[in-house]
Amino acid sequence: MKCKESPALLIIRVGDAFCRNCFKEYFVHKFRAMLGKNRLVFPGEKVLLAVSGGPSSSSLLFQVQEGLSHKASKKLRFVPGIVHIEEGAACGKTLEERTKIVADLKSIFSTSGFPFVIVYLEEVFSLPSSVLQSIFSLPTEKDDLYKDAVAGFMQSCHTSVKKNLCHETVAQETTLTEDHTHASLLSTHAHANETSISAFRGKFPFSPEQTEAVKKLFASMKTLTAKEEMLQTLRKHLILYTARIKGYSKVMMGDSCTRLAVKLLANICLGRGAFLAMDTGFSDPRHGDITIIRPMREYSAKEIAFYNKLFGVPSVFTAGLNTKAPEKASIQHLTESFIVKLQADFPSTVSTIYRTSEKLNPRYSQTPADDKGTETCLLCSCVLGIELRDEASAFCAISISEELSQSKKPEGGQVSSSTMEECCAENKMETLESSGCSCQSRERRNTTPDFWSLLCYSCKLVVKDMTSLDLLPEYILEEANRRQRRTQIKREIQEYLLTSEDDADTAP
Amino acid sequence: MPVLCSRCEIKKAHLKRPKTGHSLCKECFFWVFEEEVHHSIVSAKLFNRGETVGIGASGGKDSTVLAHVMKVLNERYDYGLNLILLSVDEGITGYRDDSLETVKRNQEQYELPLKIVSYEELYGWTMDTIVKQVGLKNNCTFCGVFRRQALDRGAMMLEVDKICTGHNADDVAETVLMNFLRGDIARLRRCTAISTGSEGAIPRCKPLKYAYEKEIVLYAYFKKLDYFSTECIYSPNAYRGHARSFLKDLESIRPSSIIDVIHSGENLSVKEEVRMPIQGNCARCGYISSQKLCKACVLLEGLNRGLPKLGIGKHHKLQDKLLKSQPLTEEEEKKFKMISF
């Protein structure tokens with residue numbers, strides 16, 4: 001279709017026929033255009049590629065490889081590294097299977113020549129609780145900074161011969177002061193942990209007890225939906241942690257258009273409508289110093305599959321939690337099969353959903369500049385409290401339903417989704433001791449109403465599916481306790497505070 | 001040991017609530033259901049004292065339950081409202097004529113005044129004749145657009161202040177999903193509002209917005225309310241059917257997902273740069289419209305000229321031609337004729 005010379009090799013979408021070379025050009029051009037349009041990746045910046053081994057992320061790795069190689073016209077200008085999160089423990093794989101998959105992946109990574117690290121899910125139990133905090137920098141003018149950085153980079157490349165020098169000079173320009181101290185604190189803490197992790201001599205940097213703990217955690221979730229959500233959250237935390245200790249400021253994920261459309265619809269069904277723009281947009285600024293970007297979001301799964309086949313991109317198939325599961329096993333799986341079926345009848349479904357997602361805005365902004373002192377969810381770092389802003393909302397409706405369906409207690413019912421069962425209410429809503437009471441609905445151990453207020457609407461649903469909160473990794477529980485103590489202190493001195501705490505921090 | 005009602009804890013539980021999973025006895029369930037509707041009405045400030053409210057009654061379970069609950073709450077909490085039943089006759093044989101009998105029975109049972117408006121008298125077309133021209137695929141558009149206008153015209157004839165319809169939580173959730181799948185940004189924002197309407201039009205609200213369809217059926221069953229329960233004969237081919245089956249599957253996985261979808265829909269926000277339709281008035285009939293001619297006029301024009309596809313799809317440029325009643329060119333006519341098999 002494009003060059004009108006060579007015979008067409010494949011057809012994308014409904015009517016676009018491409019020959020081999022034009023297709024390659026088209027593919028590569030799209031990738032560059034994505035990166036160039038959103039000027040988020042600075043030259044010389046360290047970027048972490050999150051590779052799961054599947055087709056999209058392998059394609060991402062291949063593109064970056066090609067883009068940085070010498071033969072490319074206009075080389076890409078950042079410094080990549082690779083991270084792979086090995087999730088065999090959650091899926092119930094044996095050690096032999098996991099070793100084999102890791103070995104395959106290692107061979108792919110070493111041919112790329114970038115530094116790589118393989119992180120195991122078990123390591124989630126050795127994470128520090130600082131992973132859950134977001135570090136925000138002072139707001140700056142992005143465009144100017146980008147242009148200056150590019151100009152500075154070009155200049156220093158002309159004057160110096162070695163590539164390494166280029167990276168160093170620019171790295172100095174683009175970091176900000178306040179974060180440096182904070183980040184270095186994290187890294188010293190992290191190094192202490194790292195030595196303990198690598199102290200375990202043997203093939204894997206974790207212990208069998210940790211594998212057991214992971215298995216128990218996932219077994220405690222009653223529904224597959226909650227399991228998948230928890231796995232995603234833990235995976236994200238691990239990636240963030242790796243990025244922070246190795247000094248990466250950006251993370252690239254390989255989500256394709258089809259995958260994102262499924263994620264969008266599934267998120268609507270899970271109650272995350274307010275944060276759609278962040279979960280699936282090009283950039284995800286929730287975590288402050290680390291930005292997650294998704295350069296593959298305009299490629300449909302079909303295009304990626306064709307490209308991988310034609311140009312021999314190596315990829316490794318790893319079975320996930322919902323492989324071979326029945327259709328209605330989890331919300332995510334159901335959504336995927338629904339969209340695929342609909343796409344067969346209405347070929348524009350995925351692209352329509354994608355266009356719709358581009359028009360969405362995060363409803364409540366995340367950065368401290370606009371909304372000081374906002375609290376964020378413990379697990380997903382989204383802004384809290386959106387449901388309480390409207391009176392006649394769905395959230396109110398469901399709380400009223402919960403309240404009315406249960407008998408009123410003498411102290412008066414509390415309108416929150418953590419209303420205790422009758423037989424456990426003698427402690428007046430304080431810490432609940434699990435006394436083996438056989439209530440009809442779920443048990444709650446060691447929870448106070450405050451714990452629920454630390455979570456956003458959809459994370460509450462995930463945690464409700466767990467039989468016991470103790471099985472959560474320690475860093476989550478620690479951070480929860482810390483935040484609870486902090487709100488308690490704040491409540492005590494509320495009447496004496498004049499300004500919110502973030503004002504006090506950033507005052508000159 | 002029999003399971004006790006979780007609310008009064010005295011009587012045996014008769015049913016399990018689909019919404020929250022609690023077991024309740026009959027009386028407690030009635031009370032809880034009515035209280036929730038009352039809460040929806042009060043927190044959204046849907047009605048004011050002394051208003052005349054038209055209840056859109058189709059004879060189906062939603063509108064029957066709505067009529068009953070509105071009557072009960074009006075007396076119990078003294079809303080001070082005048083209630084009237086308003087019904088629309090689309091002219092679908094085998095479906096609508098039976099349900100209208102149910103509405104007439106309702107009127108006698110609840111002692112509420114009733115008014116019926118029909119497509120035949122308003123537009124000169126019934127749904128059966130429309131389907132013969134249009135075919136089986138896009139006819140829901142015609143029915144929906146005409147019905148909305150018909151309700152408004154009927155309400156204006158009765159001088160009603162507000163209209164309330166029996167849309168339940170499942171309907172709203174399906175609408176959110178459907179609009180999302182179709183990429184209809186403008187409607188996505190409006191569809192979750194419990195009360196819609198603007199100047200020049202009679203506001204309409206959905207008091208049952210947070211009530212699950214299953215709970216409505218349970219309520220009607222235990223209260224032994226009389227209703228007509230068949231699906232519209234043209235519905236299996238609608239796009240909404242896909243969204244509906246998806247939602248049913250979701251509910252079986254996680255019962256709270258219906259409210260979750262509504263919650264997501266309420267919190268969606270659109271970037272300011274996106275172009276939204278501006279509201280104006282139809283040049284021909286004066287009804288509110290975002291284009292020069294309102295949709296109903298465009299559809300009617302299409303039907304009357306034998307070009308049924310005129311209203312389906314986007315044809316901004318032809319609006320002017322229609323307005324001046326100019327004949328369309330051969331090419332344009334071809335596009336709008338129905339594809340014959």
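The values are calculated or read from the model by the stated rules, or taken from the named source; none is laboratory data. Values in this document were obtained by computation on a predicted structure and should not be read as measured data. Here Cβ is always computed from backbone atoms with ideal geometry, including for glycine, and neighbour counts include all displayed protein chains.
Some observations on this one:
- Where strands (runs of 3 or more DSSP E) fall entirely within segment A:2-103, those with at least 1 residues that are touching a Pro at 6+ places or on another chain (Cβ under 7 Å) are at A:46-50, A:79-86.
- Filtering B:R49, B:R7, B:R96, B:R17 for residues that are surrounded by fewer than 20 Cβ atoms within 10 Å (Cβ to Cβ) and either more than 14 Å from chain A (Cβ to nearest Cβ) or modelled with pLDDT of 80 or more (or both) leaves a single hit, B:R49.
- Residue list for segment A:214-229, restricted to those being in contact with a helix residue (DSSP H, G or I) (Cβ under 6 Å, 6 or more places away or on another chain) and assigned to a helix (DSSP H, G or I): A:V214, A:K216, A:L217, A:F218, A:T225, A:A226, A:K227, A:E228, A:E229
- Filter pass, B:S252 being more than 8 Å from every other protein chain (Cβ to nearest Cβ) and among the small types (G, A, S): no
- Of all residues in segment B:36-46, none satisfies being away from chain A (no Cβ under 12 Å) and on the phi > 0 side of the Ramachandran plot.
- For B:K137, the conditions (1) within 14 Å of chain A (Cβ to nearest Cβ); (2) under 22 Å from B:S289 (Cβ atoms); (3) surrounded by fewer than 18 Cβ atoms within 10 Å (Cβ to Cβ) are fulfilled apart from (2).
- Tally of residues being of a type in the set (F, W, Y) and facing chain A (nearest Cβ under 7 Å) across segment B:232-249: 1
- All positions within segment B:149-170 that are under 23 Å from B:I92 (Cα atoms) and free of Cβ contacts under 8 Å to residues at least 60 places away in the same chain: B:R153
- Qualifying residue in segment A:318-338 (condition: farther than 24 Å from B:E266 by Cα, among the basic types (K, R) and in contact with a Ser or Thr (Cβ under 7 Å, 6 or more places away or on another chain)): yes
- Scanning segment A:104-127 for residues that are under 19 Å from A:T211 (Cα atoms) and in a helix (DSSP H, G or I) yields A:L121, A:E122, A:E123, A:V124, A:F125, A:S126.
- Of everything in segment B:31-46 that is charged (D, E, K, R) and within 21 Å of the chain's Cα centre (by Cα), the residue that is surrounded by the most Cβ atoms within 10 Å (Cβ to Cβ) is B:E36.
- Residue list for segment A:376-414, restricted to those being acidic (D, E), under 31 Å from the mean Cα position of the chain (by Cα) and at pLDDT 75 or above: none
- Near pairs, Cβ below 7 angstrom, 6+ apart or cross-chain, from segment B:250-270 (crowded, with 23+ Cβ neighbours inside 10 Å) to any residue that is polar (S, T, N, Q) and part of a helix (DSSP H, G or I): B:L250/B:S257
- Among the residues of segment A:237-292, those that are among the small types (G, A, S), part of a loop (DSSP other than H, G, I, E, B) and more than 10 Å from chain B (Cβ to nearest Cβ) comprise A:G247, A:S249, A:G254, A:S256, A:G281, A:G288.
- Test: B:F33 is out of contact with any strand residue (DSSP E or B) (no Cβ under 9 Å at 6 or more places or on another chain), within 14 Å of chain A (Cβ to nearest Cβ) and in a helix (DSSP H, G or I): yes
- In segment B:68-80, the residues that are in the same structural domain as B:V217 (by TED's automatic domain parsing) reach residues that are surrounded by fewer than 16 Cβ atoms within 10 Å (Cβ to Cβ) and among the acidic types (D, E) with C-beta atoms within less than 9 angstrom, at least six apart or across chains, in these pairs: B:K71/B:E111; B:Y79/B:E51; B:G80/B:E51.
- Single match in B:S290, B:S264 (criterion: at pLDDT 80 or above and closer than 30 Å to A:L360 by Cα): B:S264
- Single residue of A:K216, A:K203 found to be modelled with pLDDT of 85 or more, among the basic types (K, R) and surrounded by fewer than 21 Cβ atoms within 10 Å (Cβ to Cβ): A:K216
- Extreme residue, nearest to B:R254 (Cα to Cα), among residues of segment B:20-30 that are within 11 Å of chain A (Cβ to nearest Cβ) and in contact with a strand residue (DSSP E or B) (Cβ under 8 Å, 6 or more places away or on another chain): B:H22
- Residue under evaluation B:Y221, criteria (1) in contact (Cβ under 8 Å) with a residue 60 or more places away in the chain; (2) more than 29 Å from A:T356 (Cβ to Cβ); (3) among the aromatic types (F, W, Y), criterion not met: (1)
- Any chance A:K341 is more than 8 Å from chain B (Cβ to nearest Cβ) and either in contact (Cβ under 8 Å) with a residue 40 or more places away in the chain or outside any strand (DSSP E or B) (or both): yes
- Residue list for segment A:281-315, restricted to those being acidic (D, E), closer than 18 Å to A:K30 by Cβ and either within 12 Å of the chain's Cα centre (by Cα) or surrounded by 22 or more Cβ atoms within 10 Å (Cβ to Cβ) (or both): A:E303
- Where B:V65 falls short, out of the listed (1) within 17 Å of the chain's Cα centre (by Cα); (2) without any contact (Cβ under 8 Å) to a residue 24 or more places away in the chain: (2)
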